[in-house]
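The structure appears right after this line, and notes come after that.
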Amino acid sequence: MDKIVVLDFGGQYCHLISRRIRDLGVYSEVKQASTTKEELLNIPNLKGIILSGGAASVYDKSAPKCNPEILKIGIPILGICYGHQILAYLDNSKVLSGTAGEYGVTDLKILRPSKLLKGLKKIGKVWMNHKDIVKTLPKDYLVIASTKHSRIAAFANETDKIYGVQFHPEVTHTENGIKILKNFVIDICKAKREWDASHIIQNIKQEIIEKIGNRKAVIALSGGVDSSTAAIIAKEVIGKNLIAVYVDTGLMRYKETEFMEKTFTRHNLNLKIVHAEDRFFKALKGVVEPEKKRKIIGKLFIDIFDEIAIKENAKVLIQGTIYSDRIESGITKHSSTIKSHHNVGGLPKDMKLELYEPLRNLYKDEVRKLAAKVGLRKDIIKRHVFPGPGLAVRIIGEITPQKAEIVRKSSYIVEQELKKANLYEKVWMAFTVFLSIKSVGIQGDARSYKNPLVVRIIESKDAMTANFVKIPYDILERISTRITNEISEVNRVVYDISNKPPATMEWE
Ligand code: XMP
């Protein structure tokens with residue numbers, strides 16, 4: 001399959017570039033900035049290279065750099081923001097520390113025709129986020145567009161097919177940004193659009209044959225779309241050698257175990273339900289630190305899977321980890337660890353099982369397309385995502401079975417009310433958070449001193465950024481009334497109005 005590689009210079013939008021290209025139907029993956037010329041040449045069907053943005057200045061000692069040799073391998077290159085500056089820098093041109101910088105939307109004026117900006121209006125909006133600017137260009141390069149503060153806002157070397165844009169075509173604020181990426185990927189790189197659900201499934205199946213062969217594997221089934229999709233695909237390849245394990249940690253959704261039994265019997269999966277509620281609550285007793293909670297849960301999960309594997313003689317553990325889980329757990333060199341996702345960063349090093357993550361390079365919407373293709377039931381595909389550590393990340397302070405029950409029931413109320421209002425499928429997640437504090441209220445003419453609950457309803461496309469949903473007040477009121485009426489431990493409900501960033505979706 002034709003490929004476009006995005007070299008990661010540490011920009012927060014690096015993965016977005018790769019996503020956009022996949023949306024165009026071309027396979028793309030992110031690699032480290034230091035990837036060598038030889039490594040690039042060894043990638044089969046590599047059609048183009050994109051140098052991402054990044055926070056550094058090309059003159060910083062620690063700034064990520066790539067080898068100038070890559071400019072000579074004869075594969076089209078597009079530099080974006082820092083990538084644009086590094087291209088000029090590598091070709092011995094001048095990059096200047098800008099005095100004012102440009103942040104936000106600005107007008108881009110096209111100066112001359114180019115393959116990269118073909119079909120764009122003479123003046124259009126682009127999104128900028130930079131301080132340094134390219135001051136001069138090597139002799140074969142032409143300035144193709146300018147903005148008020150960047151004379152060289154875009155350049156082209158049509159002979160060697162090397163292009164740079166100071167702005168970010170991958171963000172939605174850039175008008176025709178997708179068109180620019182399409183011009184590069186399809187017209188300049190001539191990449192074939194072969195990346196679709198059937199191809200992805202075919203590739204995963206081939207990989208399963210190679211990685212698992214005749215061995216037995218256990219899959220951690222959480223009831224979410226990721227692990228369910230991985231399970232169905234794996235079952236199609238290894239059949240009865242796949243043991244799907246659902247662990248009831250006591251921190252799962254409302255009536256989840258019943259849901260799992262019903263759903264996966266229909267899908268003909270060899271499903272094992274493990275009741276481990278007591279073990280989880282015992283291990284978490286007295287623990288309040290979020291990362292510690294995550295690590296304990298991750299470790300206990302693996303212990304349970306190790307035990308099952310020994311009993312069943314299974315050698316491989318399959319997990320439904322997807323790309324965004326890994327990014328946030330700090331897998332890429334220049335991204336920082338935000339949380340140890342229990343199915344990624346929280347795994348102990350001495351695990352007995354071999355770990356295999358068939359969906360590791362896919363984004364959520366890609367997984368949903370696969371899920372539909374393999375015939376996964378709609379109620380799973382459309383289901384909200386649920387974090388691996390479960391309700392543990394929604395209980396601030398010590399975790400107890402009682403607090404878990406309060407969060408479980410109240411989250412169910414939130415979901416029910418959203419379903420009634422036809423909003424459930426329009427939001428990314430909706431749940432409550434238990435705060436280990438109390439406040440005064442008045443219930444039945446008497447003073448009450450009870451716990452408040454936070455309602456959090458968010459929308460997101462890819463989990464990387466998110467906004468709180470501007471839910472109509474009457475629905476919020478219904479949610480609040482039902483929670484305080486139906487859950488006796490709660491006398492107050494608040495709505496979380498934070499976006500991500502600066503907050504994360506989960507509270508821990
Ligand atoms: P945050 O809170 O990081 O969440 O903004 C982004 C998305 O990831 C989910 N999440 C997890 N999923 N294991 C998972 O499988 C985890 O440890 C984990 N932590 C957060 C979260 O529910 C949201 O959808």
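Residue-by-condition table, conditions (1) touching a His at 6+ places or on another chain (Cβ under 8 Å); (2) crowded, with 17+ Cβ neighbours inside 10 Å; (3) assigned to a strand (DSSP E or B):
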residue: 355; (1), (2), (3): no, no, yes
residue: 372; (1), (2), (3): no, no, no
residue: 386; (1), (2), (3): no, yes, no
residue: 403; (1), (2), (3): no, yes, no
residue: 411; (1), (2), (3): no, yes, no
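What number goes with the only condition from (1) more than 16 Å from the ligand (Cβ to nearest atom); (2) assigned to a helix (DSSP H, G or I); (3) hydrophobic (A, V, I, L, M, F, W, C) that residue 230 does not pass?
In the conditions (1) more than 16 Å from the ligand (Cβ to nearest atom); (2) assigned to a helix (DSSP H, G or I); (3) hydrophobic (A, V, I, L, M, F, W, C), residue 230 misses (1) alone.
Quick one: which of 338, 331 is open to solvent by 50 Å² or more (accessible area, probe 1.4 Å), of a type in the set (A, V, I, L, M, F, W, C), within 13 Å of the ligand (Cβ to nearest atom) and modelled with pLDDT under 90?
338
When segment 151-167 is examined, which residues are found to be open to solvent by less than 10 Å² (accessible area, probe 1.4 Å) and part of a loop (DSSP other than H, G, I, E, B)?
Those that are open to solvent by less than 10 Å² (accessible area, probe 1.4 Å) and part of a loop (DSSP other than H, G, I, E, B): 152, 153, 166, 167.
Please indicate, with yes or no, whether at least one residue in segment 132-150 is in contact with a Phe, Trp or Tyr (Cβ under 9 Å, 6 or more places away or on another chain), part of a loop (DSSP other than H, G, I, E, B) and surrounded by fewer than 19 Cβ atoms within 10 Å (Cβ to Cβ).
No, segment 132-150 contains no residue that is in contact with a Phe, Trp or Tyr (Cβ under 9 Å, 6 or more places away or on another chain), part of a loop (DSSP other than H, G, I, E, B) and surrounded by fewer than 19 Cβ atoms within 10 Å (Cβ to Cβ).
What tally of residues in segment 288-314 results from selecting those that are surrounded by fewer than 17 Cβ atoms within 10 Å (Cβ to Cβ), outside any helix (DSSP H, G or I) and touching a residue at least 40 places away in the same chain (Cβ under 8 Å)?
So the answer is 2.
This table checks each residue for (1) open to solvent by 30 Å² or more (accessible area, probe 1.4 Å); (2) within 15 Å of the ligand (Cβ to nearest atom); (3) not in a helix (DSSP H, G or I).
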{"residue": "463", "(1), (2), (3)": "no, yes, yes"}
{"residue": "474", "(1), (2), (3)": "yes, no, no"}
{"residue": "479", "(1), (2), (3)": "no, no, no"}
{"residue": "483", "(1), (2), (3)": "no, no, no"}
{"residue": "493", "(1), (2), (3)": "yes, no, yes"}
{"residue": "502", "(1), (2), (3)": "yes, yes, yes"}
{"residue": "508", "(1), (2), (3)": "no, yes, yes"}
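Would you confirm whether any residue within segment 243-266 is away from the ligand (no atom under 15 Å from the Cβ), under 27 Å from residue 437 (Cα atoms) and open to solvent by less than 50 Å² (accessible area, probe 1.4 Å)?
yes
Here is a list: 44, 68. Which entry is open to solvent by 30 Å² or more (accessible area, probe 1.4 Å) and within 26 Å of residue 199 (Cα to Cα)?
Unique residue meeting the criteria: 44.
With respect to residue 193, determine if the residue is in a loop (DSSP other than H, G, I, E, B), within 25 Å of the chain's Cα centre (by Cα) and among the basic types (Lys, Arg).
Spelling it out, residue 193 is indeed in a loop (DSSP other than H, G, I, E, B), within 25 Å of the chain's Cα centre (by Cα) and among the basic types (Lys, Arg).
Being within 14 Å of the ligand (Cβ to nearest atom), open to solvent by 30 Å² or more (accessible area, probe 1.4 Å) and of a type outside the set (Gly, Ala, Ser) is the filter here; which residues of segment 388-401 pass it?
396
The values are calculated or read from the model by the stated rules, or taken from the named source; none is laboratory data. Remember, predicted model here, so these are calculated numbers, not experimental data. As a convention, Cβ positions derive from the backbone with ideal geometry for all residues, glycine included, and neighbour counts pool all protein chains shown. Quick note on the areas: whole protein, heavy atoms, side chains included, nothing else; ligands and nucleic acids left out. Shrake-Rupley method; radii C 1.70, N 1.55, O 1.52, S 1.80 Å.
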